[in-house]
Amino acid sequence: MPGVQSGQFASNGGVTERRIGTGRFNTDEFIRQVGTGGGYAFDLCVSYESNGFTDWFLPSLDELMWLYERQGQIGGFLPEPYWSSTEDIPRDSFHLNFSTGDSFTDMKNM
């Protein structure tokens, strides 16, 4: 991948948008800076196809919170952490625990 060497964490260049409506931007910016084909969560989202839909992206932290708050109406979520596209530092991104609603950061290789 351009700009990423073995053993390094892929950073989305400091893109830390967390507001609703910014997940697509975060995903596109990561792909623009890092490229595709590395098996990163961003890459998996943009290459995913289901039921004829190909416009998937990794949601921002606030988008995940919106989904968490409505998971009873939406369904299909497991009570576990989900990655967001919101980066904290180059090594860490935010997760949202769908069991508790708590957000936290963790290393991207976890």
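The values are calculated or read from the model by the stated rules, or taken from the named source; none is laboratory data. Fair warning: this is a prediction, and the values are worked out from it, not measured in the lab. In case anyone asks, the SASA skips ligands and DNA or RNA and just uses the protein heavy atoms, side chains included. Shrake-Rupley method; radii C 1.70, N 1.55, O 1.52, S 1.80 Å.
If you model region 58-110 as an ellipsoid using its alpha carbon gyration tensor, with each semi-axis the square root of five times an eigenvalue, the axes come out at 20, 10, 8 Å, biggest first. Using the 1.4 Å probe convention, the accessible area of region 21-110 works out to 57 Å² per residue with neighbouring protein chains retained.
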